[in-house]
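Following: one structure in C-alpha cells, then a few remarks.
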Protein chains: 2
Amino acid sequence: MARRAAAGLLRRLGPLACEPQARGMSPTHYGTKNHGFSRFYLIQGRHHLYGSRTNVETDDTRQSAHMNFEVQKRSFSSAAAHIQRNPTYSVLNSNDVSYFKSVLGESSVVQDEDRVAVANVDWMGKYKGSSQLLLLPKSTTEVSKILSYCNSRRLAVVPQGGNTGLVGGSVPVHDEVIISLGGMNNIISFDNVNGILTCEAGCVLENLSSFVENKGFIMPLDLGAKGSCHIGGNISTNAGGLRFIRYGSLHGNVLGLEVVLANGTVLDMLTTLRKDNTGYDLKHLFIGSEGSLGVVTKVAILTPAKLPSTNVAFLSCNDYMSCQKLLLAAKRSLGEIVSAFEFMDRHCIDLAMKYLEGVQNPLPASPYNFYVLIETTGSDESYDKAKLEAFLLRSMEDGLVADGVIAQDISQASNFWRIREGISEASVKVGAVYKYDLSIPVEKLYDIVEEMRSRVGGMGEVLGYGHLGDGNLHLNILSSKYSDKILEQIEPFVYEWTSNQRGSISAEHGLGVMKAEKIHYSKSSEAVQLMGSIKKLLDPNSILNPYKVLPQSVL
Amino acid sequence: MARRAAAGLLRRLGPLACEPQARGMSPTHYGTKNHGFSRFYLIQGRHHLYGSRTNVETDDTRQSAHMNFEVQKRSFSSAAAHIQRNPTYSVLNSNDVSYFKSVLGESSVVQDEDRVAVANVDWMGKYKGSSQLLLLPKSTTEVSKILSYCNSRRLAVVPQGGNTGLVGGSVPVHDEVIISLGGMNNIISFDNVNGILTCEAGCVLENLSSFVENKGFIMPLDLGAKGSCHIGGNISTNAGGLRFIRYGSLHGNVLGLEVVLANGTVLDMLTTLRKDNTGYDLKHLFIGSEGSLGVVTKVAILTPAKLPSTNVAFLSCNDYMSCQKLLLAAKRSLGEIVSAFEFMDRHCIDLAMKYLEGVQNPLPASPYNFYVLIETTGSDESYDKAKLEAFLLRSMEDGLVADGVIAQDISQASNFWRIREGISEASVKVGAVYKYDLSIPVEKLYDIVEEMRSRVGGMGEVLGYGHLGDGNLHLNILSSKYSDKILEQIEPFVYEWTSNQRGSISAEHGLGVMKAEKIHYSKSSEAVQLMGSIKKLLDPNSILNPYKVLPQSVL
C-alpha cells in the first residue's frame, strides 16, 4: 500500500517538481537550447523491453557479426593458424571414444560432423579448431571421469560454455576434445533471505536472471551475450558487463565453486557463506583463468535485491575533463544509486546517427565533444528521481554538463541505450574496424584516443567510448578497408602505450588464444612466471585448454 | 550551497514528516508503548564522536582485554605451547644479525629485550613467542633482501603488522625473526576521480581513513582495531568489519598488491585498474593467507565516495524469523543505503544493561526476544530519512518489528551502538567466556544458540549476536569460571555443528595458530591438500609464518 501511495505521489508531484521555476531555477540552467529535463519514468524489465542489450565489445550483435564475417576472418584468422600442435598430446582413437561412451552413454558422445563443427568455431567465426569429439557430461562425476581419463591418456581438452567469448578461449585450437557443460544446467538451491543462488555451471545467464528476478533478486552481472553464455563461462572468464560499476567483480560476488581439476579431483569449495577466513581462498584461482586450471561445475553466487526504480539521462559535455568531474560528482551525489556511467565521443554519436536506423540524437546537433549516459537504479522512484534531477541541475550550474535530457518513457530510454550500444554495430558498417578493449586510469583514458587520431591521420577515423565508471575504454579505428599501413600505426603502439600507463590490454575479455602471447604488456615477468608454475602444479600434463592464456614459453 | 539548503529543508520539514497523523498512520503503528520514532539526525565523523568503536570479537576493547588477561591465559595459552619447533629451521647467529645490520642499518635491527618482548606477544596476551630479533625494513628492497637471506639460511620469519589479530597469527610461535612493516607507512598516490588509494603496507588503517576522508572518500573497511592495525595486515587476514555488508570483501576492493615472496622475489601486481583480465589474478592468493605465502608491501585499494547522511534505528522483534524477514525487507526497500544490520538476543541486552555504565535500553524493558540495529548511509539526508521511516512503518504494519526508535542525535546513536558493541566487554565481566565466531546460513544461524543453551543448561548463559546481514554469528557462553565440564559440552560440538551446516569456523579472524589444525571443519581435504601444494610452491622452505593457517600434516 505504501508503494502505491508513493507512486501516486510521483504522478501528482512530477510536473511540479520538474518545473524549473518551482525549484527557483532559471530556465537557462536547462542547457543552451532550453530543452529542459523531461519527465522521469519507471522501467521494469528493461532489457527485455529494450530489445537486445549488448555488452560493449560483445556489443557486436550476432547479426552484425555475421554480416561482418568476411571482414573478421580477414582480420584475425591467421592468429591461431600459426600455433603448432603440441606433439606430446595423444591423438584420439576408437578406444578413447568407447571409454567415453561407457561413462556418458552413446548420446552424450558426439562425433557427428555437423554438430562437432558447430562446437569447433566461435560465434564470430574468427577461431576454428579441428576437434573430432564433443562430450556432453551431465554431472560432476562424469566431468571428473572424463578429465581423469584424458589426463592419464594425455588427451588435451577444451571446456566450452555458451561459446560467446571474443578471444578464442572456448574453441579448440587443434584437435582438443570439447567438453560442453550445456547439459549441466540445474538450479540447485536459492536462499531467499541472503539472495544466494547455487546452480550448475551450464546454466544460461538469462535463465538464471529470470529465475532470481521472480524471487525479487537480480544477477550481479549482465551481458549482451546473456541469452547464450553460461554462468560457468562467466566465472571462468571473470566476465565484467553492465552491472560492474554497481556490483563489482565476480571475485566479490562468487561465494563458492565446485571445480574439477585436470586429474579428475573434485574440488568442493561450494560454500554459500559471505564470510569464510579458513585457509587460502582457492576459488579465486578459477575465476578468470579461462578453464586452464580446472573446469567449473557448480557455482554459488550472491544476488543483489532487485530494486524497482530506474532512470536514464543522456548528457553532453564540452570536454573530457568535464566527463571526469561529472563522474566524480555522480559518485559523491548519486553514489548508491548509479548503475551505469557510459561515455562516447562526438565521432561515436555522428556515426550512430549516420548508420543506425530509427535512432535520434536526443540533443540538438551542436558540436558537443562528449556525451555521457547515466543510469540510476534504486529502491524508491520518487526519491531517486528527485536525487538525479537535483544532481543534474547542480552539474549544469557547475558547468560540467552542457545540455541533457532524462528519458520520460521506455521508448526514450531505449533510444538512449540504443545509441550507446549501437556504436559497435554502426562502426562495422564503415568497412574495416580495428577494435581494442583497454583498462586505463580514467584521467589518461582519452589521451590514447587523441594520440591514435594523430597517428592514423587521414587514413581512418578514431572512436573512443566505454564504461567510464570502470576505466574501461573501447578504442575503435575505422577505415574503408584493412591495410598493413594503418595496422603499423596502431600496433604495437596501442599495447605499448597501455603498458606504459600500467593499463590492461584486456579489460574484460581475457586473453584466450588471441592475446596469450601479449600478456607481458600487462603483467610483470615474475607474475607470468608464477602463473606458469601454478599452471604446472594444477595441470602438469597441460591438458586443460592448451595454447591459451599464458605464453607457451613459460610452460 | 545546495547541501546547506537541503539541511535547512530537513530541519524545516522534519517535525511534519515525523508526525504520525501527517502520514495518515495511526499512532498505534509506532510500537506497543507509543514511543514513536524520534527525529533523524546527521552524523559526521561518527567513529570519532562515538568514542572507541570496536569490531565484534575484536569488540573486546583493549582495556577489557587487559582486565581479562588472566582469564584469557587460562583459556588459551596452552595451544601454542604444544607445537614442536621445526628442527629444520636454523638458529639465529651473530653473522645473521651482522648481515641484517648491513642491509637495514643498526637502528632497524632490534635486539633490545624489552622492545623484542613487546613484538613477541599478541595484544591480548594470549600468544607469546621467543624471538630474539625484530627487523624494521623501510622499503620493499629491504624486505626482499631480508627474505632472500632468510630463505637461503632457512631462518623462519613472522611478518607483523599492527599485531591486532585474534588467532595468534602475527607473533612468533618459537624463535621466528619478526619483520615489522610499521616503518613502511607512506601513502604513494591517490586517484581522486576513481577513489583509488595506493600506499605501503604498514599504513595504519585509521590514518588512511583520515587521509581519504579529507578527499571525500572512505576506506571500504572499518574495524575496531583501526587505530593500530595496518592495511597490509588487513589484507593478509582478509579483514571483514563493519562495512562488509555494504562494500563487501577485500577480494572485491583490493585492486593491486606488491608482495615479496619467500625467496625475495618482488611480485609487482600493483595495478590500479578496476578491470584487468590478463592471466591469473594472483593477488587473491595473498588476500587472507595470513602472511604464509608472501609479505604484502604495497596496496592499491578502491575507496567508495563518502556519503553525508547516516541514520541509526534500534528495533525489537518477537522472534528470530522476524529478524530474518526484516533483513530481507531491508535489502529490498533500503537496499542501496543499508550500512549495518546487526542483531542481538535478549540475553545480550540484559547483560549490557547490567554491566555497561551509562548505557540505557532505548526501548521499554519488555520481554522482546530479539533486537536489531539498522544503520543507513546515503547521499541525501532528507530522502534517506524518509526512506528509512517509511520502511520502518511498513515493517511495523507487517508485524516484523515490535517496537523501535530512531536516534535523533549523536548521543542517542552512540548509545545504540554502545549496546551492540559493549556486549563483548560486558560478557567478560561475568567471569569466564567461551567465544566463537561463526559463519552460518542465516536461516540456521540462531539454531546453534538454542542448541547450545540446551546443552549447557544451568552451567552457563548463552548469548547470540552478530552481523546478521553477513551471516556472521558471535556465540558466547558465559560462566562464573572455566571448567572442563562446560568445555566438553561446547567443543567439538560447536565445530561439528558448524561443519554440518557447511558453515565457517572462522568468519573473519583467520586461523592463525589457534585454529590451523581445525581447518578440516570448514574445508574439504582436497582443498586443504591443494593449499599445502601452493604453500610448498611459493615457500618451499616454509620460512613464512610457520605453524599457522594450515595443519602441519599437509606440509
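The values are calculated or read from the model by the stated rules, or taken from the named source; none is laboratory data. In this text, all values refer to a predicted model and were calculated from it rather than measured experimentally. Note that we place each Cβ from the backbone using ideal geometry, even for glycine, and neighbour counts take in every protein chain shown. These area figures cover heavy atoms from the full protein model, side chains too; ligands, DNA and RNA do not enter into them. Shrake-Rupley method; radii C 1.70, N 1.55, O 1.52, S 1.80 Å.
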Seminar exercise, completed: For peptide A:509-521, the mean count of other chain Cβ atoms within 10 Å per residue Cβ is 2
Exercise. For the protein assembly as shown, what is the charge dipole size about the Cα centre, in debye to the nearest 20, if Lys and Arg each add +1 at the Cβ and Asp and Glu each add -1 at the Cβ?
Worked result: 700 debye
Exercise. Taking the DSSP beta bridges in chain A as the whole, what percent of them are antiparallel, to the nearest 5?
Worked result: 90 percent
Seminar exercise, completed: Rounded to two decimals, the Debye log10 I(q)/I(0) of the stretch B:306-375 (Cα scatterers, no solvent) at q = 0.20, 0.27 Å⁻¹ is -0.87, -1.23
For this session: At a probe radius of 1.4 Å, figure out the A/B buried accessible area, summed over both chains, and give it in Å² to the nearest 100.
Result: 7700 Å²
Problem set entry | Centre separation in Å (Cα based) which lies between the stretch B:458-499 and the stretch A:231-266 | 34 Å
Problem set entry | Listed residues A:Ile448, A:Gly532, A:Leu475: farthest to the positive end of the dipole of the stretch A:434-543 (Cβ charges) | A:Gly532
For this session: Would you mind putting B:158-165, A:218-225 in packing order, based on average other-beta-carbon counts within 10 Å, highest first?
Result: B:158-165, A:218-225
Problem set entry | the stretch A:329-438: radius of gyration over Cα atoms, expressed as a fraction of 2.2 N^0.38 Å | 1.15
Seminar exercise, completed: The FRET efficiency for A:Glu491 and B:Asn318, from their Cβ-Cβ distance with R0 = 56 Å and rounded to 0.05, is 0.25
For this session: Select from B:Asn361, A:Val116, B:Asn120 the residue farthest towards the positive end of the dipole of the protein assembly as shown; place +1 on Cβ of Lys and Arg, -1 on Cβ of Asp and Glu, and compute about the Cα centre.
Result: B:Asn361
Seminar exercise, completed: A convex hull over the alpha carbons of the stretch A:293-346 yields, per residue, a volume in Å³ of 185 Å³
For this session: With a point put 7 Å past each Cα toward its Cβ, work out how far A:Ser130 is from A:Asp114 in nm, to one decimal.
Result: 2.3 nm
For this session: Stick to Cα atoms and the Kirkwood definition of Rh, then tell me Rg/Rh for the stretch B:406-521.
Result: 1.00
Problem set entry | For the stretch B:239-246, Karplus couplings with θ = phi - 60° (6.51, -1.76, 1.60), whole Hz, Gly/Pro x | 4, x, x, 6, 9, 4, 4, 8
Exercise. Quick one: if you stick a label point 7 Å off each Cα along the C-beta vector at B:Lys536 and B:Asn93, how many nm between them?
Worked result: 3.0 nm
Exercise. What distance in nm separates the simple spin-label points at B:Glu213 and B:Gln408, each placed 7 Å from Cα in the Cβ direction?
Worked result: 2.6 nm
For this session: Using only C-alpha atoms and all pairs of different ones, pull out the Kirkwood radius for the protein assembly as shown in Å with one decimal.
Result: 30.6 Å
For this session: Report, to two decimal places, the Cα Rg of the stretch A:122-167 normalised by 2.2 N^0.38 Å (N = number of residues).
Result: 1.32
Exercise. Where in the stretch A:418-438 does the label zone of A:Lys354 land, with the point 7 angstrom along Cα→C-beta and an amide N cut-off under 20 Å?
Worked result: A:418-436
For this session: Report, by chain and number, residues whose modeled amide H sits under 5 Å from the one on A:Thr297, excluding near sequence neighbours (fewer than 5 apart, same chain).
Result: A:Glu258, A:Val259, A:Val260
Problem set entry | Estimated translational D of the stretch A:83-235 in µm²/s (Stokes, Kirkwood radius over Cα pairs; 37 °C; 0.692 mPa s) | 200 µm²/s
Seminar exercise, completed: FRET efficiency (A:Gln529, A:Tyr149; Cβ distance; R0 35 Å; to 0.05) is 0.70
Exercise. At a 1.4 Å probe radius, carbon and sulfur cover how many percent of the accessible area of the protein assembly as shown?
Worked result: 49 percent
Seminar exercise, completed: Once the dipole of chain A is set up from charges on Cβ (+1 Lys and Arg, -1 Asp and Glu), the residue from the list A:Met321, A:Leu166, A:Tyr434 lying farthest towards its positive end is A:Met321
Seminar exercise, completed: Treating only Lys and Arg (+1) and Asp and Glu (-1) as charged, each at its beta carbon, one finds that the stretch A:153-304 has a dipole about its Cα centre, in Debye to the nearest 20, of 180 debye
Exercise. Rounded to the nearest 500 deg cm²/dmol, what is the calculated helix-only ellipticity per residue at 222 nm for chain A, with -39500 (n - 2.57) per DSSP H run of length n ≥ 4?
Worked result: -10500 deg cm²/dmol
Exercise. Given 10 °C and 1.306 mPa s, how large is the Stokes-Einstein diffusion coefficient of the stretch B:468-510 in µm²/s, with Rh as the Kirkwood radius over Cα pairs?
Worked result: 133 µm²/s
Problem set entry | Cα centre as origin, Lys/Arg/Asp/Glu Cβ charges: chain B dipole, Debye | 520 debye
Problem set entry | Value in Å of the Kirkwood radius, where chain A supplies the Cα pairs that are averaged | 24.7 Å
